[in-house]
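> Below is the structure I would like to discuss, written out as structure tokens.
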Amino acid sequence: QVQLVESGGGLVQAGGSVRLSCAASGRTFNTASSFAMGWFRQAPGKEREFVAAIRWSSSNTVSTDSLTGRFTISGDNAKNTVYLQMNSLTVEDTAVYYCAATEENGWINMRSHRVYDYWGQGTQVTVSS
């Protein structure tokens with residue numbers, strides 16, 4: 001069992017920045033772990049969309065091409081926390097942002113929500129013009 005808690009969302013002006021955090025508990029996500037953690041978002045009336053993910057053991061990351069350069073995922077192993085730095089925000093970035101984790105071993109498609117077993121409650125990011 002893994003618990004994930006997102007934080008850092010809120011109302012942000014277009015062009016601004018925000019840093020989301022996802023704190024994991026229940027298990028320790030050290031560098032030897034096979035866990036992967038990712039960020040997804042879901043805007044009203046839209047399907048859940050992959051944002052970025054990180055392989056905990058290797059720190060390898062993947063991200064949506066359209067967001068690369070604005071969004072950066074990182075992890076702090078000591079704090080069992082992953083972050084999503086979001087810059088140059090636009091109104092289309094408005095969504096509920098979810099943190100997810102999987103303990104699947106081996107190679108996985110981290111872009112797929114289907115590989116994740118644990119989900120946080122989400123944090124709302126609203127970008128105003």
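> How charged is the neighbourhood of residue 92? Take every other residue with its Cβ under 12 Å from the Cβ of residue 92, and add Lys/Arg as +1 and Asp/Glu as -1.
Computed value for this residue: +1.
> Can you give the accessible area of residue 117, probe radius 1.4 Å, in Å² rounded to 10?
Taking all protein chains as shown, residue 117 has close to 90 Å².
> A follow-up question, please. By the scheme Lys and Arg +1, Asp and Glu -1, what is the net charge of all other residues having a beta-carbon under 15 Å from that of residue 38?
On the way: positive: 41, 48, 55, 111, 114; negative: 6, 49, 103, 104, 117.
Spelling it out: positives minus negatives among the neighbours equals 0.
> Averaged per residue, what accessible surface does region 1-97 expose to a 1.4 Å probe, in Å²?
Values: 4670 Å² over 97 residues.
Counting only protein heavy atoms, the per-residue value for region 1-97 is 48 Å².
> Let me ask another. Largest first, what is the accessible-area ranking of 123, 72 with a 1.4 Å probe?
So, going from the largest accessible area down, we get 72, 123.
> Here is a follow-up. Keeping all protein chains in position, work out how much accessible area residue 6 exposes to a 1.4 Å probe, and write it in Å² to the nearest 10.
Surface accessible to solvent at residue 6 totals approximately 10 Å².
> Of 127, 91, which has the most accessible area with a 1.4 Å probe, and how do the rest follow in descending order?
Sorted descending by solvent-accessible area, the residues read 91, 127.
> For the chain, what is the relative contact order in percent, using Cα pairs closer than 8 Å and at least 6 residues apart in sequence?
35 percent
> Which percent of the accessible heavy-atom area of region 54-109 goes to carbon and sulfur, probe 1.4 angstrom?
45 percent
> Just read off the accessible area of residue 55 with the full protein assembly in place, 1.4 Å probe, to the nearest 10 Å².
Using a 1.4 Å probe on the heavy atoms, I get roughly 40 Å².
> Normalise the Cα radius of gyration of region 41-129 by 2.2 N^0.38 Å (N = residues in it) and let me know the number.
Working: Rg = 13.1 Å, N = 89, 2.2 N^0.38 = 12.1 Å.
Scaled against compact globular proteins, the figure is 1.09.
> Got a sec? What order do 19, 114 fall in by accessible area at 1.4 Å, biggest, i.e. largest, first?
114, 19
The values are calculated or read from the model by the stated rules, or taken from the named source; none is laboratory data. Computed from a prediction, not measured in an experiment: that's the story for all the values here. Backbone-built Cβ (ideal geometry, glycine too); neighbour counts: all protein chains shown. SASA here: full protein model, heavy atoms, side chains in, ligands and nucleic acids out. Shrake-Rupley method; radii C 1.70, N 1.55, O 1.52, S 1.80 Å.
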